[in-house]
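To keep things clear, I will list the structure first and then write my remarks on it.
The values are calculated or read from the model by the stated rules, or taken from the named source; none is laboratory data. Bear in mind that the values here come from a model prediction, so they are computed numbers and not experimental data. Glycine also receives a Cβ, built like all others from the backbone with ideal geometry; neighbour counts cover every protein chain displayed. Only protein heavy atoms, including side chains, enter the accessible area calculation; ligands, DNA and RNA are left aside. Shrake-Rupley method; radii C 1.70, N 1.55, O 1.52, S 1.80 Å.
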Amino acid sequence: MFDGYDSCSEDTSSSSSSDESEEEVAPLPSSLPIIKNNGQVYTYPDGKSGMATCEMCGMVGVRDAFYSKTKRFCSVSCSRSYSSNSKKASILARLQGKPPTKKAKVLQKQPLVAKLAAYAQYQATLQNQAKTKAAVPVEGFSWGNYINSNSFTAAPVTCFRHAPMGTCWGDISEGVRVEVPNTDCSLPTKVFWIAGIVKLAGYNALLRYEGFENDSSLDFWCNVCGSDIHPVGWCATSGKPLVPPRTIQHKYTNWKAFLVKRLTGAKTLPPDFSQKVSESMQYPFKTAMRVEVVDKTHLCRTRVAVVESVIGGRLRLVYEESEDKSDDFWCHMYSPLIHHVGWSRSIGHRFKRSDLTKKQDGHFDAPPHLFLKVKEVDSAGEWFKEGMKLEAIDPLNLSAICVATIRKVLADGYLMIGIDGSEAADGSDWFCYHATSPSIFPVGFCEINMIELTPPRGYAKLPFKWFDYLRETDSIAAPVKLFNKEVPNHGFHVGMKLEAVDLMEPRLVCVATVTRIIHRLLRIHFDGWEEEYDQWVDCESPDLYPVGWCQLTGYQLQPPAPQSSRDSQSSSSKQKKKAKSQQYKGHKKMPSLQLKEELLDGEEYSFLQGASDQESNGSASYYIKQEP
C-alpha cells in the first residue's frame, strides 16, 4: 500500500529505528474499511514511452528516474529488498496482522491483461467523477472560515435523506484517513499524502496531513465527496506517488515505517465511495419532461410545466405557455408541489388548461412513479370536513402559523385550506395540503408549544382565544387524531448550520441556521437577515441540504447578507420578500408585481412553498412541550 512512496519522495533516506517498525497498533472496530495490506500492490501502465515497472513493488514511473543501470527498481529500498527482503516481509506481515517469518517471498505481479483492464476501469471512474463533481466556489464566502471563526456546528449529512449520500454516509467521522493532493511540495507533478479528518461540517471536512500531530498550521477544508479525496491505498493502485509535506519532510527518517505505524487499523473511506457518490447524484427527472405544478399566480390551481434543467435534484420548471421561458418555478423533485400530468383531474383539484392544442415536439409526460408518494389515508370513517378549523403554515408568509379553515375536501386525502380573514371571495388563494402534511396542526398546537399564532386579519378580540373564536364563528375544530403526529429521529439540534432554500424566492439556496425545534418542525433562520425572514420548515423537507451541497452539485450558494445589504432599499430578492411579507400582513396584495388582466380579481399572488409532507418513521405526541 505504501510502496509508491519511496520512488518520488523528496527524502531518499531508507533507514529507520526498530522502535518505529515494531510497534503494533490495535485495529478499531468500524463498518468502514480497516487499512490493511495483503502484499498485492499494483500500479497500472499508461502506455507512455519511457516508462518502467519496478520488479519489486510494481510501481510505474519514468524509466530515467529509476534506480540502477538496468532501471529494474524504482528506489534503493526496492533494490535492496529484492535480494534480502526481510524488512519487506516484516512490514507486510504486520499489516496482515501476522508475526514476521524468516523467509520472504518476492511479490508476484498480475498478468499484463489484468493490469490494463483495471487501469481502464480506473480511468473511466475518473472521467465520470469529472462530469459529476464540478465545484462552484462562492466568491468572498468560505464555509470553512465561517465555521472555524465562530465555532459553529453543521447538521450531519445523515439528517438529509434526500441529499446525495444521505442514506449511505456510514461511519465517516473524525479520525478517518484519506489520500489527498499534497499542496506543500516543490515537485512539478501532482503528488499526494495521507490526511486525517479533524472536523466534519456536512460534506466538508477539515483535514490535517499525517505527521503534523497537533500542528494545525496547514489544516485545510475539502469536500469529502469531491474528486480529490480517495481511500488510503488509492495511490498505490493508481500509480500515484505519496510524498510527505515539505514542512515536515525531515521529521522522520523512514516515512514508510511511520505510515505503517500510524495507519494500520485506522479507518478509511470504502473503496467504492466515489462510485456511490456518483450514483447518488443521478436523478430520474430529465429535461423536456412535463409535470403538473402549482400555479404561482393562483395558489388554488395547477398548470403544466416542462423541466428545463436539473441541478442536484432541483428542477427549474418553465410553464408550458411561456414563449420566452422566463415564466418559471424552482422546486425539488420530491416537492409536494409537483405531480404527474392528470393528477389534478384525478383528485378534483383546479387546473388551468394550456392554450397549446398539443405537446411541443420532444416533450413527454414524466412517469407517475417518479413523484413523491404520500401516505395512504382512510377517509371512510371520521374525516376532515368543510368548515373545520385548524392551524396551518401560511405559504404566503412562511414565518407565520395562522388560524385556518378547511374549504374543500378533495380525493386521496388532499385538502384545500384558506387563511381566515385573508381569503379572496372566489377562493383563488386557497392552497392544497395533504392530510398527512407536517404543515397543518390541530387547534391549540401553537399555544401548547409556545409559538405565536397569527389571528385572522381584522380580528379585534385579542389576545386570541380558540374557545371564543370557535363559538363566535359557530365552527368546530378538526379532530386531533386526524393529524400526522409522527416525529422521526431527525438528528437536528438548535444552532446547527445548513444550506436552505429561501422558499419566498425558491431559486435561492442560502446559508442558514436551525433556531428552534418543535417536534418535527424546524425554525430556519437565514444568516445575516432579521428574524422576520425566518421560515417554518419540516425536518424532512427536500429544501434543506448539508453544508457543502451547493459546491458538490454546482448550485450557487447565497452567503450571509452583509449589514449594508440589510439596510439598503435595493431591489434584491430578499427585499422583494420583505415587501411581500409586509403586504401580506396588510391587504395581501403585491402592487410591486406586474399585474395581468387575465388574473382573477386583477391580483397576482406569488406562491411560496410550505414544508414538505414526506413521511417519517417515528412517533410522538403533539401535546408534549418541546422547547429546546
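Of the residues making up region 552-587, those that are in a helix (DSSP H, G or I), out of contact with any Cys (no Cβ under 9 Å at 6 or more places or on another chain) and at pLDDT 95 or above number 1.
Per-residue answers, yes or no, for (1) among the aromatic types (Phe, Trp, Tyr); (2) more than 30 Å from Gly313 (Cα to Cα):
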{"position": "Phe441", "(1), (2)": "yes, no"}
{"position": "Pro455", "(1), (2)": "no, yes"}
{"position": "Glu472", "(1), (2)": "no, yes"}
{"position": "Ile476", "(1), (2)": "no, yes"}
{"position": "Pro479", "(1), (2)": "no, yes"}
{"position": "His493", "(1), (2)": "no, no"}
{"position": "Val509", "(1), (2)": "no, no"}
{"position": "Ile518", "(1), (2)": "no, no"}
{"position": "Trp536", "(1), (2)": "yes, no"}
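Scanning region 220-264 for residues that are part of a helix (DSSP H, G or I), open to solvent by 10 Å² or more (accessible area, probe 1.4 Å), within 27 Å of Ala201 (Cβ to Cβ) and in contact (Cβ under 8 Å) with a residue 40 or more places away in the chain returns Trp234, Thr247, Arg262.
Name every residue in region 203-219 that is aromatic (Phe, Trp, Tyr) and in a loop (DSSP other than H, G, I, E, B), in order of residue number. Once the filter is applied, which keeps residues that are aromatic (Phe, Trp, Tyr) and in a loop (DSSP other than H, G, I, E, B), region 203-219 yields Tyr203, Phe212.
The combined condition, being closer than 28 Å to His298 by Cα, open to solvent by less than 40 Å² (accessible area, probe 1.4 Å) and modelled with pLDDT of 95 or more, is fulfilled by Leu522. Val403: of a type outside the set (S, T, N, Q) and free of Cβ contacts under 8 Å to residues at least 60 places away in the same chain, yes or no? Answer is no for this residue.
Scanning region 380-431 for residues that are open to solvent by 20 Å² or more (accessible area, probe 1.4 Å), aromatic (Phe, Trp, Tyr) and closer than 16 Å to Ile476 by Cα turns up just one, Trp383.
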